[in-house]
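Notes follow once the structure below has been shown.
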Amino acid sequence: MGVAGQLIVSISQISERTLADVESFCAELDARGVPVSLLVAPRLKGGYRLDSDAPTVEWLTQRRRGGDAIVLHGYDEAATKKRRSEFATLPAHEANLRLMGADRVLEHLGLRTRLFAAPRWTVSQGTEKALPRNGFRLLAGLTGITDLVRQTTVRTRVLGVGEGFLTEPWWCRTLVLSAERTARRAGIVRIAVAARQLRRSGPRQAMLDAVDLALMHQCTPVVYHWRPYPALSDAA
């Protein structure tokens, strides 16, 4: 047997508006033994605030208890210029303020995390500087996963539907083929979906097809996580 690859599935734009679709999609993944990385932002467009959405907070809390990961995914989508993602161009001090604000909200809700993935997966150098200063240990980016403590990056591209990625049928097919190619050569298959795409049969089916192919090629389903230093965990 060769070395097996890994599979990481993430969902963004989770809110009371999308929760029913997210829940039913997660049930499909649960049936396959695949945990999910849940990309969470305190504020989304349309005046949405996580701290006034108790059912979603409760659901996220339960999912985390069951082995899913909570990943901070921006602070305030609505306060961002059009066609620009929130952390793509921020200088360090502004990134710092937003990270502190977001961290406070999640801590207050009992959902604090040391993992970060920027909206649309793009981060400025300023954000990269500000993340470890705010205690973040892992950065999931567009083309790699960076351990911010060890300053090492594993090269692996994320494939997504919605939130900066296309949603057309040809793109969904491309995503499935790319996922299979990565799985076949035992790479890290990272697939991401924006929650509001999950009510559409095309994107939803593409995600499940990609998951099934990765599993068929023996990929191990995992979530974004940071591994502590062995000596530290022994001492603790």
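All of (1) among the polar types (S, T, N, Q); (2) surrounded by 18 or more Cβ atoms within 10 Å (Cβ to Cβ); (3) touching a residue at least 24 places away in the same chain (Cβ under 8 Å); (4) over 28 Å from GLU58 (Cβ atoms) hold for GLN197 with one exception: (4). When the stretch 84-120 is limited to residues that are in contact with a Gly (Cβ under 6 Å, 6 or more places away or on another chain) and in a helix (DSSP H, G or I), the one that is least open to solvent (accessible area, probe 1.4 Å) turns out to be ALA95.
Please verify whether LEU38 is outside any loop (DSSP other than H, G, I, E, B), open to solvent by less than 70 Å² (accessible area, probe 1.4 Å) and touching a helix residue (DSSP H, G or I) at 6+ places or on another chain (Cβ under 7 Å), treating the condition exactly as stated. So LEU38 passes the test. When the stretch 201-225 is filtered for residues that are surrounded by fewer than 17 Cβ atoms within 10 Å (Cβ to Cβ) and in a loop (DSSP other than H, G, I, E, B), the ones remaining, listed by number, are GLN218, HIS225. Taking the criterion of being within 16 Å of VAL57 (Cβ to Cβ) and either in contact (Cβ under 8 Å) with a residue 60 or more places away in the chain or buried (at least 16 other Cβ atoms within 10 Å of the Cβ) (or both), the residues of the stretch 13-25 that qualify are GLN13, ILE14, SER15, ARG17, THR18, LEU19, VAL22.
Among the residues making up the stretch 41-71, those that are under 18 Å from GLY162 (Cβ atoms) and either within 16 Å of the chain's Cα centre (by Cα) or open to solvent by less than 50 Å² (accessible area, probe 1.4 Å) (or both) are ALA41, LEU44, TYR48, VAL71.
The values are calculated or read from the model by the stated rules, or taken from the named source; none is laboratory data. In this text the structure is predicted, and so the values were computed from the model without any measurement. Cβ sites come from the backbone with ideal geometry, for glycine too, and all protein chains shown count toward neighbours. Only protein heavy atoms, including side chains, enter the accessible area calculation; ligands, DNA and RNA are left aside. Shrake-Rupley method; radii C 1.70, N 1.55, O 1.52, S 1.80 Å.
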